[in-house]
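Colleague: This is the structure I have questions about; it appears just below.
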Amino acid sequence: MNYMHCCDNLEQTVSTFNVSDNGFNFNVKVTYCKNCGSKKATGSGVSDGKKANENFKLSVRDLEIIENALNAKVSRLDDIMSLKSKCDQYDVAVKELFSLLDATEETDEGRVHRPVQIVCVRTDMLIKLENVLATLKSTMEED
Ligand SMILES: [Zn+2]
């Protein structure tokens, strides 16, 4: 078998691996035929060992990029916190609304009635109003 014709179905492939030893990182490149495993590159395919860079030197530009990214995160967090605060206020208001609408009183004659009522004299609007109230109530009861 020669270089090009290791087998009936030469399919050359290159795989790269990282191997570490004694704090050195080696890149190992293996070129071979996918079908028979025949080696297809001369030389070891192994790079010189390199130590990982553990001493980072940041430039002013690098610091600016990091600072901008952090500021963007803080600003998004502020947005979320202000939305949360608004949500909490809505929640309190909706609970208060339903506690008023659901409140009952009993007359001296023993008749139970609701002192707070929403009056609507248009049928189509009444349906919409009931939908709004149902949505508010189900949203309120989710938590
Ligand atoms: Zn082959």
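The values are calculated or read from the model by the stated rules, or taken from the named source; none is laboratory data. These numbers were taken from a predicted model, which means no experiment stands behind them. Counting neighbours? That spans all protein chains shown, and the Cβs are built from the backbone with ideal geometry, glycine included.
Residues checked against (1) assigned to a helix (DSSP H, G or I); (2) in contact with a helix residue (DSSP H, G or I) (Cβ under 6 Å, 6 or more places away or on another chain); (3) surrounded by 10 or more Cβ atoms within 10 Å (Cβ to Cβ):
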{"position": "E67", "(1), (2), (3)": "yes, no, yes"}
{"position": "M81", "(1), (2), (3)": "yes, no, yes"}
{"position": "D88", "(1), (2), (3)": "yes, no, yes"}
{"position": "L101", "(1), (2), (3)": "yes, no, yes"}
{"position": "D124", "(1), (2), (3)": "yes, no, no"}
{"position": "N131", "(1), (2), (3)": "yes, no, yes"}
{"position": "A134", "(1), (2), (3)": "yes, no, yes"}
{"position": "M140", "(1), (2), (3)": "yes, yes, yes"}
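Colleague: C6: surrounded by 10 or more Cβ atoms within 10 Å (Cβ to Cβ), within 16 Å of the ligand (Cβ to nearest atom) and modelled with pLDDT under 90, yes or no?
Modeller: Details: surrounded by 10 or more Cβ atoms within 10 Å (Cβ to Cβ): yes; within 16 Å of the ligand (Cβ to nearest atom): yes; modelled with pLDDT under 90: yes.
Considered against the rule, which asks whether it is surrounded by 10 or more Cβ atoms within 10 Å (Cβ to Cβ), within 16 Å of the ligand (Cβ to nearest atom) and modelled with pLDDT under 90, C6 comes out as yes.
Colleague: Let me ask something else. Would you be able to say whether some residue in the range 38-54 is within 16 Å of the ligand (Cβ to nearest atom) and either of a type in the set (S, T, Y) or surrounded by fewer than 11 Cβ atoms within 10 Å (Cβ to Cβ) (or both)?
Modeller: Going through the range 38-54, the residues within 16 Å of the ligand (Cβ to nearest atom) turn out to be 38-41.
Of the ones still in play, those that are also either of a type in the set (S, T, Y) or surrounded by fewer than 11 Cβ atoms within 10 Å (Cβ to Cβ) (or both) are 38.
Looking through the range 38-54, at least one residue is within 16 Å of the ligand (Cβ to nearest atom) and either of a type in the set (S, T, Y) or surrounded by fewer than 11 Cβ atoms within 10 Å (Cβ to Cβ) (or both).
Colleague: Can you find a residue that is among the aliphatic types (A, V, I, L, M) and either at pLDDT below 90 or assigned to a loop (DSSP other than H, G, I, E, B) (or both) anywhere in the range 23-39? Lay out the reasoning, then the answer.
Modeller: Within the range 23-39, the first condition is being among the aliphatic types (A, V, I, L, M), and the residues that meet it are 28, 30.
Next, from what is left, pick out any that are either at pLDDT below 90 or assigned to a loop (DSSP other than H, G, I, E, B) (or both): none.
Among the residues of the range 23-39, not one is among the aliphatic types (A, V, I, L, M) and either at pLDDT below 90 or assigned to a loop (DSSP other than H, G, I, E, B) (or both), which makes the answer no.
Colleague: Please state which one of R111, R76 is on the phi < 0 side of the Ramachandran plot and under 34 Å from the mean Cα position of the chain (by Cα). Steps first, please.
Modeller: Numbers: R111 fails: under 34 Å from the mean Cα position of the chain (by Cα).
Of R111, R76, the one residue that is on the phi < 0 side of the Ramachandran plot and under 34 Å from the mean Cα position of the chain (by Cα) is R76.
Colleague: Continuing with the same structure: Could you list all residues from the range 103-112 that are surrounded by 10 or more Cβ atoms within 10 Å (Cβ to Cβ) and part of a strand (DSSP E or B)? Steps first, answer last, please.
Modeller: Quick first cut of the range 103-112, residues surrounded by 10 or more Cβ atoms within 10 Å (Cβ to Cβ) only: 103, 105.
The one that is surrounded by 10 or more Cβ atoms within 10 Å (Cβ to Cβ) and part of a strand (DSSP E or B): E105.
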